């Protein structure tokens with residue numbers, strides 16, 4: 001059984017259970033605004049090095065009229081797993097910049113405009129390092145107060161931001177949105193839908209594929225978003241398709257292929273099996289944590305798990321009527337007011 005088949009099966013099981021997720025493809029919601037732009041914000045494309053001398057690409061957003069001689073609070077925003085900064089992260093960064101914060105959306109290493117080969121590689125350590133490298137960059141800007149830097153991690157980046165915060169106390173306030181624990185999702189599936197035997201089979205397949213690629217074979221890709229819908233497509237497949245494969249959120253970075261967007265390599269994706277971002281999450285305290293999840297999100301279990309394990313101060317905010325992908329771009333559902341208050345209170 002391939003990794004793609006494995007997680008497709010899990011999605012099918014959860015799709016039956018998660019009856020609140022729409023079963024049919026929907027028209028783009030009227031309040032979906034992934035590619036939002038603002039005349040209140042200036043944007044600069046930036047590139048900086050991580051600790052391993054890899055290029056990290058970002059978009060730096062500055063409130064228009066900002067006092068360039070002052071030192072301002074800043075927020076880093078990380079995109080969903082398999083996405084790029086142009087998908088969800090830019091929206092959050094612009095909206096928070098409108099509230100007076102300096103913000104920086106980043107591409108994780110191996111994705112989008114950031115460096116790293118082969119493309120679409122999974123490396124939880126280097127994903128976490130992306131956030132620390134972003135702190136390096138922001139904390140050395142003359143207009144940023146390095147003691148007032150926070151982070152928003154969306155979907156998979158929620159778990160990567162937590163992983164970074166555990167060993168980087170320079171991240172002073174941490175918020176996650178529609179968080180996926182990418183380790184638990186790969187080990188156990190949603191709602192523990194993956195058996196130990198299925199997990200071992202996936203590990204064996206990835207290990208065998210290493211031989212093929214070592215001898216010059218083409219890489220295989222796994223999971224990610226389906227490229228077409230069928231009568232048997234699950235509600236979760238449809239939910240992601242409606243964002244990643246339609247004009248609502250579709251974006252292919254320069255030099256990438258539409259056929260590989262959102263898909264990590266099979267041989268590297270298995271590294272998530274060793275990723276435990278919530279272990280020792282309590283050590284982040286007394287820095288505050290805000291977990292935001294949709295009431296109907298198939299991923300809500302991960303935010304609930306992190307909240308249970310975390311120490312105070314912490315908050316779990318459930319958005320009524322929202323699903324997982326709704327909080328990527330539906331501006332009438334995303335609690336920007338709460339995010340603004342959280343960072344203003346904790347990045348004083």
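So the values come out like this:
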quantity: Enumerated helices (runs of 4 or more DSSP H) restricted to segment 179-248, each holding at least 1 residues that are free of Cβ contacts under 8 Å to residues at least 60 places away in the same chain, touching a strand residue (DSSP E or B) at 6+ places or on another chain (Cβ under 6 Å) and crowded, with 19+ Cβ neighbours inside 10 Å; calculated: none
quantity: Helices (runs of 4 or more DSSP H) (entirely within segment 278-348) containing at least 1 residues that are within 25 Å of residue 237 (Cβ to Cβ); calculated: 300-309, 326-329
quantity: Sole exception among (1) in a loop (DSSP other than H, G, I, E, B); (2) under 30 Å from residue 213 (Cα atoms); (3) in contact with a strand residue (DSSP E or B) (Cβ under 9 Å, 6 or more places away or on another chain) for residue 117, by number; calculated: (3)
quantity: Identity of the residue in segment 140-178, in a loop (DSSP other than H, G, I, E, B) and surrounded by fewer than 24 Cβ atoms within 10 Å (Cβ to Cβ), that ends up nearest to the chain's Cα centre (by Cα); calculated: 168
quantity: Any hit, segment 275-296, residues being in contact with a strand residue (DSSP E or B) (Cβ under 8 Å, 6 or more places away or on another chain) and farther than 26 Å from residue 344 by Cβ; calculated: no
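All of the numbers you see were taken from the coordinates with simple rules; none came from a lab. Remember, it's a predicted structure, so these values are computed and weren't measured experimentally. Cβ: placed from backbone, ideal geometry, glycine included. Neighbour counts: every protein chain shown.
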